[in-house]
1. Could you tell me which numbered condition Asp93 fails, if it satisfies all but one of (1) within 30 Å of Cys319 (Cβ to Cβ); (2) buried (at least 17 other Cβ atoms within 10 Å of the Cβ)?
2. Can you confirm whether Lys65 is out of contact with any Ser or Thr (no Cβ under 7 Å at 6 or more places or on another chain) and either surrounded by fewer than 20 Cβ atoms within 10 Å (Cβ to Cβ) or modelled with pLDDT of 95 or more (or both)?
3. Among the residues of region 178-212, how many are touching a Lys or Arg at 6+ places or on another chain (Cβ under 8 Å) and not in a loop (DSSP other than H, G, I, E, B)?
4. Within region 272-295, count every residue that is in a loop (DSSP other than H, G, I, E, B), over 16 Å from the mean Cα position of the chain (by Cα) and more than 18 Å from Phe311 (Cα to Cα).
5. Name the single residue, out of those in region 172-187 being more than 22 Å from the chain's Cα centre (by Cα) and open to solvent by less than 50 Å² (accessible area, probe 1.4 Å), that is farthest from Thr97 (Cα to Cα).
6. Somewhere in region 105-112, is a residue open to solvent by 50 Å² or more (accessible area, probe 1.4 Å), closer than 28 Å to Asn74 by Cα and of a type outside the set (Phe, Trp, Tyr)?
7. Only one of Leu253, Leu259, Leu216 is buried (at least 18 other Cβ atoms within 10 Å of the Cβ), within 22 Å of Leu318 (Cα to Cα), at pLDDT 90 or above and within 18 Å of the chain's Cα centre (by Cα). Can you tell me which?
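The values are calculated or read from the model by the stated rules, or taken from the named source; none is laboratory data. Note that the structure is a prediction, hence the values are computed from the model and not measured. Positions of Cβ are generated from backbone atoms using ideal geometry, with glycine treated the same way; all protein chains shown enter the neighbour counts. The area values use the complete protein model at the heavy-atom level, side chains included, leaving out ligands, DNA and RNA. Shrake-Rupley method; radii C 1.70, N 1.55, O 1.52, S 1.80 Å.
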Amino acid sequence: MAAVFLVTLYEYSPLFYIAVVFTCFIVTTGLVLGWFGWDVPVILRNSEETQFSTRVFKKHMRQVKNPFGLEITNPSTASITTGITLTTDCLEDSRLTCYWGCSVQKLYEALQKHVYCFRISTPQALEDALYSEYLYQEQYFIKKDSKEEIYCQLPRDTKIEDFGTVPRSRYPLVALLTLADEDDREIYDIISMVSVIHIPDKTYKLPCRILYQYLLLAQGQFHDLKQLFMSANNNSTPSSSPSPEEKNADRSLLEKAGLSEGDVEPLEENSKDCVVCQNGSVNWVLLPCRHTCLCDSCVRYFQQCPMCRQFVQESFALCSQKEQDRDKPKTL
């Protein structure tokens, strides 16, 4: 029908026919390119344009001091038969309670009980929540700021060499850190920390590492402590060693993120620089990939992570601009 109309129009007036076709072409092009302020039809967009137009939400973070620190010393030597060495770094006197062969199901039921029933602020509270579903328990007193090395091992009379095939019903080791003094529990929002540790055995020989760390709050919430992936620049030009002021600034940045120096990948000398401008200090964490690679000036221009190209759903700053200015070394 349209073809008959165009043929009739051409026979009537070739110039009028050309004008109508040209007008239709201009109008269609304007609609596709958005000249008239209308939205482009989704069928004409590619997936990247659709994702790029989404808004990146910025999380408002609340700074909380974590009184607990736990890491594995010499993880390559740890095993079920030889034991494991843990290093603690606590801001107050604390208790380290280790549960060998803890039930996976009972542990996560205990975390839910912390939210809905009672607060797990003492080792006895966790034992009540676990219903003693573990094979062996040992407890140590930790002095504040002592960075003690604690050697933990299953007794030889248990004769346990592995915990079965995957999926397992028991974790090899669950370590609970709690505040020893009851008065200290009124000071800190975080009242305990639960660490789930994998230890290699005859059946499952993957390297020893911390699988999960849960921070339990006095208000009844618990949070999974996640690792941040800091950017690392590969510069061929040699650079001078960082000054003590720069080391203190880097350490302060990690503390604000709730991390210790052992919780992040080894950083290279210039890793604190933004991966885009190479000038500003890294301050923004992108979610869900958790890459920490952008400064305050560059973060506003990216809807995709410049490291892994994953679309950014949310982001948050490690510290405010006032804290950055305060942490900078003053020059005379």
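1. Only one criterion in (1) within 30 Å of Cys319 (Cβ to Cβ); (2) buried (at least 17 other Cβ atoms within 10 Å of the Cβ) is unmet by Asp93, namely (2).
2. On the way: out of contact with any Ser or Thr (no Cβ under 7 Å at 6 or more places or on another chain): yes; either surrounded by fewer than 20 Cβ atoms within 10 Å (Cβ to Cβ) or modelled with pLDDT of 95 or more (or both): yes.
For Lys65, the condition - out of contact with any Ser or Thr (no Cβ under 7 Å at 6 or more places or on another chain) and either surrounded by fewer than 20 Cβ atoms within 10 Å (Cβ to Cβ) or modelled with pLDDT of 95 or more (or both) - is met.
3. Adding up the residues that qualify gives 6.
4. Within region 272-295, the first condition is being in a loop (DSSP other than H, G, I, E, B), and the residues that meet it are 272, 274-280, 282-283, 288-290, 295.
Now narrow it down to the ones that are over 16 Å from the mean Cα position of the chain (by Cα): 272, 274-280, 295.
Okay, now just the ones that are also more than 18 Å from Phe311 (Cα to Cα), so 272, 274, 277-280.
Number satisfying all stated conditions: 6.
5. Step one: of region 172-187, the residues more than 22 Å from the chain's Cα centre (by Cα) are 172-173, 178-187.
Then drop every residue that is not open to solvent by less than 50 Å² (accessible area, probe 1.4 Å), which leaves 172-173, 178-180, 184.
On the way: Pro172: 14, Leu173: 10, Thr178: 8, Leu179: 11, Ala180: 11, Asp184: 18 Å.
So the residue we want is Asp184.
6. no
7. Details: Leu253 fails: at pLDDT 90 or above; Leu259 fails: at pLDDT 90 or above.
Testing whether each residue is buried (at least 18 other Cβ atoms within 10 Å of the Cβ), within 22 Å of Leu318 (Cα to Cα), at pLDDT 90 or above and within 18 Å of the chain's Cα centre (by Cα) leaves just Leu216.
To keep it simple, each residue is scored yes or no on (1) at positive phi; (2) open to solvent by 80 Å² or more (accessible area, probe 1.4 Å); (3) touching a residue at least 60 places away in the same chain (Cβ under 8 Å).
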| residue | (1), (2), (3) |
| --- | --- |
| His114 | no, no, yes |
| Glu127 | no, no, no |
| Phe141 | no, yes, no |
| Asp145 | yes, yes, no |
| Gln153 | no, no, yes |
| Glu161 | no, yes, yes |
